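K.L.:
Handing you this structure, nothing more for now.
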Amino acid sequence: LMDMFTTIVQFSALANNKVEGMEALIAQFFSLVDDFKRKQYDLLDYTKNAFDRDFLEYNVNIAELETMLQGFINASFENITSTEHALTLLKQFETILQRETLKSDLDSKYTVIFHNYGL
(Lines give C-alpha, C1' and ligand atoms only; values in the text may rest on other atoms or scores of the structure.)
Protein backbone atom coordinates (compact mmCIF):
# COMPACT_ATOMS: atom_id res chain seq x y z
CA LEU A 1 0.00 0.00 0.00
CA MET A 2 2.95 2.33 0.54
CA ASP A 3 3.61 2.12 -3.18
CA MET A 4 0.04 3.28 -3.82
CA PHE A 5 0.45 6.27 -1.51
CA THR A 6 3.77 7.20 -3.08
CA THR A 7 2.10 7.13 -6.49
CA ILE A 8 -0.75 9.32 -5.25
CA VAL A 9 1.73 11.83 -3.79
CA GLN A 10 3.71 11.85 -7.04
CA PHE A 11 0.72 12.47 -9.32
CA SER A 12 -0.71 15.04 -6.90
CA ALA A 13 2.59 16.92 -7.08
CA LEU A 14 2.44 16.76 -10.88
CA ALA A 15 -1.07 18.19 -10.76
CA ASN A 16 -0.02 20.97 -8.36
CA ASN A 17 2.98 21.95 -10.50
CA LYS A 18 0.74 22.26 -13.57
CA VAL A 19 3.21 20.87 -16.07
CA GLU A 20 1.89 21.90 -19.46
CA GLY A 21 0.54 19.03 -21.54
CA MET A 22 -0.01 16.61 -18.64
CA GLU A 23 -3.62 17.46 -17.93
CA ALA A 24 -5.10 14.36 -19.61
CA LEU A 25 -2.60 12.04 -17.94
CA ILE A 26 -3.32 13.50 -14.50
CA ALA A 27 -7.07 13.33 -15.07
CA GLN A 28 -6.73 9.67 -16.04
CA PHE A 29 -4.76 8.99 -12.85
CA PHE A 30 -7.32 10.64 -10.58
CA SER A 31 -10.07 8.71 -12.35
CA LEU A 32 -8.25 5.46 -11.49
CA VAL A 33 -7.90 6.51 -7.85
CA ASP A 34 -11.55 7.56 -7.62
CA ASP A 35 -12.65 4.21 -9.05
CA PHE A 36 -10.51 2.40 -6.49
CA LYS A 37 -11.87 4.54 -3.62
CA ARG A 38 -15.48 3.75 -4.53
CA LYS A 39 -14.99 0.03 -3.97
CA GLN A 40 -15.59 -1.30 -0.49
CA TYR A 41 -13.67 -4.21 0.95
CA ASP A 42 -13.68 -6.30 4.08
CA LEU A 43 -9.93 -6.65 4.39
CA LEU A 44 -10.25 -8.96 7.36
CA ASP A 45 -12.19 -11.55 5.36
CA TYR A 46 -9.37 -13.61 3.91
CA THR A 47 -11.75 -15.70 1.79
CA LYS A 48 -12.53 -12.78 -0.49
CA ASN A 49 -9.83 -11.72 -2.90
CA ALA A 50 -11.62 -8.79 -4.55
CA PHE A 51 -9.13 -6.30 -3.09
CA ASP A 52 -6.17 -8.30 -4.42
CA ARG A 53 -7.67 -8.42 -7.92
CA ASP A 54 -8.54 -4.73 -7.93
CA PHE A 55 -5.14 -3.77 -6.54
CA LEU A 56 -3.42 -5.80 -9.25
CA GLU A 57 -5.57 -4.11 -11.91
CA TYR A 58 -4.76 -0.72 -10.37
CA ASN A 59 -1.03 -1.47 -10.54
CA VAL A 60 -1.28 -2.53 -14.20
CA ASN A 61 -3.06 0.73 -15.00
CA ILE A 62 -0.47 2.73 -13.05
CA ALA A 63 2.33 1.01 -14.98
CA GLU A 64 0.65 2.08 -18.23
CA LEU A 65 0.32 5.66 -16.95
CA GLU A 66 3.97 5.70 -15.93
CA THR A 67 4.94 4.51 -19.40
CA MET A 68 2.93 7.40 -20.86
CA LEU A 69 4.52 9.77 -18.33
CA GLN A 70 7.97 8.53 -19.31
CA GLY A 71 7.11 9.16 -22.96
CA PHE A 72 5.95 12.67 -22.07
CA ILE A 73 9.18 13.37 -20.20
CA ASN A 74 11.31 12.06 -23.06
CA ALA A 75 9.36 14.13 -25.59
CA SER A 76 9.80 17.21 -23.39
CA PHE A 77 13.57 16.87 -23.52
CA GLU A 78 13.64 16.29 -27.28
CA ASN A 79 12.20 19.74 -27.97
CA ILE A 80 14.48 21.76 -25.68
CA THR A 81 17.13 23.90 -27.34
CA SER A 82 18.71 25.47 -24.24
CA THR A 83 20.87 23.57 -21.74
CA GLU A 84 19.66 25.87 -18.98
CA HIS A 85 16.02 25.14 -19.78
CA ALA A 86 16.74 21.41 -19.92
CA LEU A 87 18.39 21.51 -16.47
CA THR A 88 15.49 23.52 -15.05
CA LEU A 89 12.97 21.03 -16.42
CA LEU A 90 15.03 18.11 -15.13
CA LYS A 91 15.20 19.64 -11.66
CA GLN A 92 11.43 20.20 -11.71
CA PHE A 93 10.78 16.55 -12.56
CA GLU A 94 13.31 15.36 -9.97
CA THR A 95 11.52 17.17 -7.17
CA ILE A 96 8.15 15.78 -8.24
CA LEU A 97 8.83 12.17 -9.18
CA GLN A 98 8.93 9.73 -6.29
CA ARG A 99 8.93 6.27 -7.86
CA GLU A 100 12.31 4.71 -8.57
CA THR A 101 11.37 3.55 -12.06
CA LEU A 102 10.92 7.15 -13.16
CA LYS A 103 13.76 8.64 -11.12
CA SER A 104 16.36 6.29 -12.58
CA ASP A 105 15.58 7.44 -16.10
CA LEU A 106 15.98 11.07 -15.07
CA ASP A 107 19.57 10.39 -14.04
CA SER A 108 20.41 9.40 -17.61
CA LYS A 109 19.06 12.76 -18.80
CA TYR A 110 22.06 14.53 -17.28
CA THR A 111 24.35 12.64 -19.63
CA VAL A 112 22.21 13.58 -22.62
CA ILE A 113 22.00 17.24 -21.58
CA PHE A 114 25.73 17.63 -21.07
CA HIS A 115 26.48 15.69 -24.23
CA ASN A 116 24.29 18.15 -26.18
CA TYR A 117 25.93 21.04 -24.32
CA GLY A 118 29.31 19.92 -25.66
CA LEU A 119 28.08 19.90 -29.26
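K.L.:
For VAL33, which of the numbered conditions (1) of a type in the set (Val, Ile, Thr); (2) modelled with pLDDT of 85 or more; (3) loosely packed, with under 12 Cβ neighbours inside 10 Å fails to hold?
P.N.:
(3)
K.L.:
Show the residue pairs meeting these rules: Cβ distance below 6 Å; 6+ apart or different chains; first residue within segment 43-64 and closer than 24 Å to ALA24 by Cβ; second residue surrounded by 12 or more Cβ atoms within 10 Å (Cβ to Cβ) and of a type in the set (A, V, I, L, M).
P.N.:
Listed pairs, sorted by first residue: ASN61/LEU32.
Yes/no matrix, rows are residues, columns are (1) modelled with pLDDT of 80 or more; (2) of a type in the set (Phe, Trp, Tyr); (3) over 21 Å from ILE26 (Cα atoms); (4) touching a helix residue (DSSP H, G or I) at 6+ places or on another chain (Cβ under 7 Å):
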{"position": "ILE73", "(1), (2), (3), (4)": "yes, no, no, yes"}
{"position": "GLU84", "(1), (2), (3), (4)": "yes, no, yes, no"}
{"position": "THR88", "(1), (2), (3), (4)": "yes, no, yes, no"}
{"position": "LYS91", "(1), (2), (3), (4)": "yes, no, no, no"}
{"position": "GLU94", "(1), (2), (3), (4)": "yes, no, no, yes"}
{"position": "THR101", "(1), (2), (3), (4)": "no, no, no, yes"}
{"position": "LEU106", "(1), (2), (3), (4)": "yes, no, no, yes"}
{"position": "HIS115", "(1), (2), (3), (4)": "no, no, yes, no"}
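K.L.:
Within segment 36-60, work out how many residues are open to solvent by 60 Å² or more (accessible area, probe 1.4 Å) and in a loop (DSSP other than H, G, I, E, B).
P.N.:
Selection size over segment 36-60: 10.
K.L.:
Within segment 61-100, which residues are among the acidic types (Asp, Glu) and either surrounded by fewer than 11 Cβ atoms within 10 Å (Cβ to Cβ) or in contact with a Gly (Cβ under 9 Å, 6 or more places away or on another chain) (or both)?
P.N.:
Taking segment 61-100 and keeping what is among the acidic types (Asp, Glu), we get 64, 66, 78, 84, 94, 100.
Selection gives GLU78, GLU84, GLU100.
K.L.:
Here's a follow-up. Return the residues of segment 78-109 that are over 23 Å from THR7 (Cα atoms) and touching a Leu at 6+ places or on another chain (Cβ under 7 Å); say none if nothing qualifies.
P.N.:
ILE80
K.L.:
Mind checking whether some residue in segment 91-98 is over 19 Å from ALA13 (Cβ atoms), of a type outside the set (Lys, Arg) and outside any loop (DSSP other than H, G, I, E, B)? Give the derivation first.
P.N.:
Residues of segment 91-98 over 19 Å from ALA13 (Cβ atoms): none.
Among the residues of segment 91-98, not one is over 19 Å from ALA13 (Cβ atoms), of a type outside the set (Lys, Arg) and outside any loop (DSSP other than H, G, I, E, B), which makes the answer no.
K.L.:
Filter segment 6-35 down to the residues that are among the β-branched types (Val, Ile, Thr) and part of a helix (DSSP H, G or I) and list them by number. First the steps, then the outcome.
P.N.:
To start, the set of residues in segment 6-35 that are among the β-branched types (Val, Ile, Thr) comprises 6-9, 19, 26, 33.
Those that are among the β-branched types (Val, Ile, Thr) and part of a helix (DSSP H, G or I): THR6, THR7, ILE8, VAL9, ILE26, VAL33.
The values are calculated or read from the model by the stated rules, or taken from the named source; none is laboratory data. Predicted model, so just to flag it, every value in this text is computed and none were measured. All Cβ positions, glycine included, derive from the backbone under ideal geometry; neighbour counts span all protein chains shown. Remember, those area values only see protein heavy atoms, side chains included, never the ligands or the DNA or RNA. Shrake-Rupley method; radii C 1.70, N 1.55, O 1.52, S 1.80 Å.
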